[in-house]
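Working notes for the structure below.
Derivation of every value follows stated rules applied to the coordinates shown; laboratory data play no part. The structure displayed is predicted, hence computed values, not measured ones. Counting neighbours? That spans all protein chains shown, and the Cβs are built from the backbone with ideal geometry, glycine included.
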Amino acid sequence: MPSRRGCGRKVRGMTADEGTPTIHLLDPSEAMKIAAGEVVERPASVVKELVENSLDAGSKRIRVEVNSSPRQITRISVTDDGIGMNRADARLAFLPHATSKIRTLSDLGNTLSLGFRGEALASIAAVSQVTLVTRCRGEGCGNATRVQARGGEIVNLSEAGAPQGTTVVVEDLFYNTPARQKFLKSLQAELAQLTGALEALAIAHPSVVFQFFHNGRERLATGRGPDLLEAITDLYGNEVAGDLIPLSADHPLVRISGYISTPFSPRKTPSRVLVSINGRPVFSRQILRAIRRGYGTLLPSHTYPVAFLDLLMDPSRVDVNVHPTKRHVRIGKEHEILAIIEEAVRECLRSEDLTPPVQESGAARTSPGTVPAPAHGPAAGIPADFAPVREPSPVSAKMTDMRLRQTELPTGISSVETLVPEMEVVGQIGGTYILARTRGDDLILIDQHAAHERVLYDQVTEKRDARRVSQELLVPVVIRESPREAALLRGITGLLGDRGFIVEEFGKESFLVRGIPSVLGRMDDASAIHDLLGDIFSEEVDTPEDTGERISRSIACKGAIKAGTICTREQCERLVAQLRLTKSPYTCPHGRPTMVSFSKSALDALFKRT
């Protein structure tokens, strides 16, 4: 048998035949940097942790200031009027796992606080330089205390003059962890993340006054009153607030309060569905789906409402420690609670008059291709979908003509040799697919929206290179974005300008749109322009090239003839002719096919003619 020597459980030393170890203990300072990286992912994480600490300290006013160079955030400051700390607590707060909130593991399941100050400060200080100035509330507190720490070590502890409350200043973030600094995104992307975190906290705590400044300019402010609707109005404007319905539901498992939107203005992304649990902003796909299911068929597929909801439940049913940043949660009796949320949304909507409002012209909203059934004659009583000949309404035909005329204008696109064969248009199916046949009697089905998207995309990219892309609006359109979206928009105005948008800042979260891409034709509706920009904000991207590509695709999508639009035969022929002139006629910019082909021999085989 092999020798069992060397299998002893020595900790402080090893025998000679144990070999050279490949496992070693990390230096405590290095281990702390790694642990800090789980909590402090980016500047937004710093702001979130510090603001949550301010809220736990009973603050009524919180001021966040961020300074940046053209490329990165250089300084973060969070000031509050909370209870503050005495000298001893200020020093202990920088030690790992220091907290005033819990004493045993069981306390984690019952705490309603958002965090514990020592946890955040220790993590932040491990990867930055931190200065804390704090003064406790009440008589006998004396002067404020200043603590300076760098790389996890306290380097200065002294008295200071300051009002009651706490200020934390963070500088040189990730100076000692260059790998994490390397993976930060662009300045505007980081500012958008940071602003989004503040938005969520402000909505979850509407009675607290929030202010956010970037390089001395105010970017976010709440505090007109303690009511949630007033905070929503401060952040998103009267138009969003005016479309909301109050929701309140009381159940033994969960109490729900907040607002949801009517179904009249759905959004393509869930960016304005903000949910908090016991005052903690959270992200939960399950809760999002439950809210969406509550709307049922009131919302078009793949769209989302606006919702601002707080769920109050027994803290022992909520596990906030499944992720270091506490953004994701695990909920006990989740299935029952999701069903309660869904039903609460459904009941709230059921109690409202959801008759769609009329348009400004006074005409009720209708589908662009709606054709009234004939009152008499051979087709009387036949549904319009089965009428022998379907003609577009005059308004729809005019709009389609305008879109096709725009893509027929001289564009500077070099001529290309196309492999798409000449074809004759036979008809249209469902206002979506064009039927055509080739000289060899092959059957071609063309997706009209995808086809026109491809035409527009080629024109957007070609015109951008030729700098002939913009048309000025007769009346500039003012749009208001959320603070997060406004931060993103500031960072891409140059990319938008390259593709035909003329956008100027017009206030804190408002922008003036003076021009749009010429390929879009006439578009002077603020909601249409806002919807187009919303596509660009739908997800985060890493590079300007990715963002620019998304802008081009969004322009093409918005300007293209929509599925469900009834077209005349002549309009179908014009679209097919335009598609044949594109460089990549077989797919739309998103990669979907523009056409499929059934050869004559394949059709013969289907009918057993071979």
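Note: relative contact order over the range 392-610, using C-alpha pairs below 8 Å and six or more positions apart, is 33 percent. What the phi angles of the range 565-577 give under the Karplus curve with 6.51, -1.76 and 1.60, with θ = phi - 60°, is a coupling list of 8, 6, 10, 6, 4, 5, 5, 4, 5, 5, 5, 4, 4 Hz, glycine and proline written as x. Each of 535, 314 has some number of other Cβ atoms within 10 Å of its Cβ, and from fewest to most they run 314, 535. Taking other Cβ atoms within 10 Å as a rough exposure proxy, 418, 177, 594 sort from fewest to most as 418, 177, 594. Close amide H pairs (under 5 Å, H built 1.01 Å from N) link residue 262 with 245, residues at least 5 positions away or on another chain.
Loop-located trypsin sites (Lys or Arg not before Pro) in the range 261-296 (DSSP state not H, G, I, E or B) with no more than 14 neighbouring Cβ atoms inside 10 Å: 268.
Residue order for 130, 318, fewest other beta carbons within 10 angstrom first, comes to 318, 130. Would you work out if the range 243-350 is rounded, prolate or oblate? Take a ≥ b ≥ c from the square roots of the eigenvalues of the alpha-carbon gyration tensor; rounded if a/c is under 1.5, else prolate when a/b is larger than b/c, oblate otherwise. Prolate shape, in that a/c is at least 1.5 and a/b is the bigger ratio. Within the range 243-350, antiparallel bridges make up roughly 80 percent of the DSSP beta bridges whose residues both belong there. Derived scalar couplings between HN and Hα for the range 255-265 equal 10, 10, 9, x, 9, 10, 8, 5, x, 6, 10 Hz in order, rounded to whole Hz, by the Karplus curve 6.51 cos²θ - 1.76 cosθ + 1.60 (θ = phi - 60°), x for Gly and Pro. For the range 392-610, the equivalent ellipsoid derived from the alpha-carbon gyration tensor has semi-axes of 36, 17, 16 Å in decreasing order.
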